[in-house]
1. Before we move on, is Ser188 without any contact (Cβ under 8 Å) to a residue 12 or more places away in the chain and touching a Lys or Arg at 6+ places or on another chain (Cβ under 9 Å)?
2. Among the residues of region 6-19, are any outside any helix (DSSP H, G or I), of a type in the set (S, T, N, Q) and closer than 23 Å to Val153 by Cα?
3. Determine, yes or no, whether Glu66 is more than 20 Å from Pro464 (Cβ to Cβ), modelled with pLDDT of 95 or more and of a type in the set (Asp, Glu).
4. Where residues in region 174-183 are in contact with a helix residue (DSSP H, G or I) (Cβ under 7 Å, 6 or more places away or on another chain) and surrounded by fewer than 24 Cβ atoms within 10 Å (Cβ to Cβ), which of them is nearest to Phe447 (Cα to Cα)?
5. If I filter region 116-142 down to residues being under 13 Å from the mean Cα position of the chain (by Cα) and more than 14 Å from Ile13 (Cβ to Cβ), which single residue comes out as surrounded by the most Cβ atoms within 10 Å (Cβ to Cβ)?
6. How about region 87-112: which of its residues are surrounded by 19 or more Cβ atoms within 10 Å (Cβ to Cβ) and in contact with a Pro (Cβ under 9 Å, 6 or more places away or on another chain)?
7. Considering only residues that are within 15 Å of Leu387 (Cβ to Cβ) and exposed (fewer than 12 other Cβ atoms within 10 Å of the Cβ), which ones fall in region 399-413?
8. From Ala34, Ala43, which residue is free of Cβ contacts under 8 Å to residues at least 60 places away in the same chain, under 29 Å from Gln206 (Cα atoms) and small (Gly, Ala, Ser)?
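The values are calculated or read from the model by the stated rules, or taken from the named source; none is laboratory data. In this text, all values refer to a predicted model and were calculated from it rather than measured experimentally. Here Cβ is always computed from backbone atoms with ideal geometry, including for glycine, and neighbour counts include all displayed protein chains.
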Amino acid sequence: MNKSKYWILLVLISGLGLVLRLNNYDQVPPWREADDEIHYAWAGLTWLREGTPKSWSYLSSYPTFETYLAWDTKWRLVSPMLEKPPVYILLNGVLLVLTGVKNLDQVRLSVIRLLPIIFSLITIYLIGLVGKKVFRPAIGLLAALFYALTPIVVLSNRLSVTENLLTPIFLVATLVFVHESKSKHSSSYQPWLLGILAGLAALTKQSGIALAVALGCLFAYQREWQKLWRFGLTAFGLNLIYPAIGWYYNWPLFSSLVAEQRRIGLQGGLPQLILTILSRPLIGSEHLFVDGTLLLGYLLFFTSPYWLLTLKTKTENWKRIGLLTIPFTYIIYLALATTGAEPMGSGQGFWGWYMYPLFPYLTVLIAVILYDIWQAFSLFKFLPLFLLLGSSAVRFSLLFLPQSLHYRWQMSLGLLLVLVLALWQLPKYRKIMLTLLFLLFLAVNIFTSIHLDQIYPSLAQPTP
């Protein structure tokens, strides 16, 4: 594939992803799917307007609070709000100030959700680059296409939560690492740049510290001690900004909040993170959204060390190690920081947006498998795609039909199985049939993403 064709296709895929995300974005997911959206927006607005971050919080460490009534809801308003790192808060504040918002009740989802949608556009573009660098251009485009069109990803990219900023930061770090590592012309700026990215990740959300741990381990494994020193110095220096903010406003309160959040993460029950991930696909806090693409991605991700790192070429294997290290470190951090239990009234437990930074890596692995099947068809390799992607497409299709027709799922899935067996028995027409099945799957995903308001709760934000 020539470069111009690759870039044109990547731009078109990104544009299509943007259109799907902008469709009813301020109503689906519904109002109050994640109250964190208002949390970050209020904190950023008051920080820039008044000089002190103020927002709602359920944490008991705050000694005083005021009750604020907005949109028929009573909010527990605290000041200074110090429980979250500053980057995403400030970005929300900048957006709101630029759009002329002055009061808390003027904050609208139609404004603040533009921020994650912009980040998702960047993410689609970065996925294409990461897939191209680690594997080949076709895999990069396939991965970007899956990320752009998969309904659960489209939904997730509309929520204004920190994970939608962590995602492109992780991808940029992955791209920089695999581009420079094992290169004879490795740039002296690489450790400094990666240190900045690791610092930004930690200043976006506490779980972003996983990026610093992952990159530090990679440098140590390579025995690149000088790079590790430069990287660590930069990341550590930036990490000091958040506690410095706590010291400036109220150090005892900041310390108490850190301790309380740690306790909350441990009180949800016994560890069950992986079980929750696979059995309860959540966008936010309570609404399940079953999507076979996501499940396939998780299965490939958790098994990837067994099948992806098998190349004899050390350089290519190292790129793949670089691809997997960041998401695996992130999921290990979550496994240690939270039980993975379902959300409870006091806020502890598992929230769907914790998984958002993994989504790009899942789509890259799906693209690898699809490309492999396209190059060398195998019935047994294709059967999991039939069971996961095929049944998901049938389910999405029937969701839009009257319930009286839902019983026809068996007939639809059976017909699809016949087509799969035909792929095996008719090698002469295999490429054509694979192309048609792939286009049909994409069409179902596009249609579903356009009409998400018919199958997922939809609710507009009340007027002030």
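1. Values: without any contact (Cβ under 8 Å) to a residue 12 or more places away in the chain: yes; touching a Lys or Arg at 6+ places or on another chain (Cβ under 9 Å): yes.
Yes.
2. Quick first cut of region 6-19, residues outside any helix (DSSP H, G or I) only: none.
The answer is no, given that none of the residues of region 6-19 is outside any helix (DSSP H, G or I), of a type in the set (S, T, N, Q) and closer than 23 Å to Val153 by Cα.
3. Values: more than 20 Å from Pro464 (Cβ to Cβ): no; modelled with pLDDT of 95 or more: yes; of a type in the set (Asp, Glu): yes.
Here the answer is no, as Glu66 does not meet what is asked.
4. Within region 174-183, the subset in contact with a helix residue (DSSP H, G or I) (Cβ under 7 Å, 6 or more places away or on another chain) is 174-182.
Narrowing further to those that are surrounded by fewer than 24 Cβ atoms within 10 Å (Cβ to Cβ): 175-176, 178-182.
On the way: Leu175: 32, Val176: 35, Val178: 35, His179: 36, Glu180: 40, Ser181: 41, Lys182: 43 Å.
Per the criteria, the residue is Leu175.
5. Per the criteria, the residue is Pro116.
6. Step one: of region 87-112, the residues surrounded by 19 or more Cβ atoms within 10 Å (Cβ to Cβ) are 87-89, 91-93, 95-96, 101, 104, 107, 109, 111-112.
Ile89, Gly93 - these are the residues of region 87-112 that are surrounded by 19 or more Cβ atoms within 10 Å (Cβ to Cβ) and in contact with a Pro (Cβ under 9 Å, 6 or more places away or on another chain).
7. So in region 399-413, the residues within 15 Å of Leu387 (Cβ to Cβ) come out as 409-410, 412-413.
Of everything in region 399-413, just one residue is within 15 Å of Leu387 (Cβ to Cβ) and exposed (fewer than 12 other Cβ atoms within 10 Å of the Cβ), namely Gln410.
8. Numbers: Ala34 fails: free of Cβ contacts under 8 Å to residues at least 60 places away in the same chain.
So the residue among Ala34, Ala43 that is free of Cβ contacts under 8 Å to residues at least 60 places away in the same chain, under 29 Å from Gln206 (Cα atoms) and small (Gly, Ala, Ser) is Ala43.
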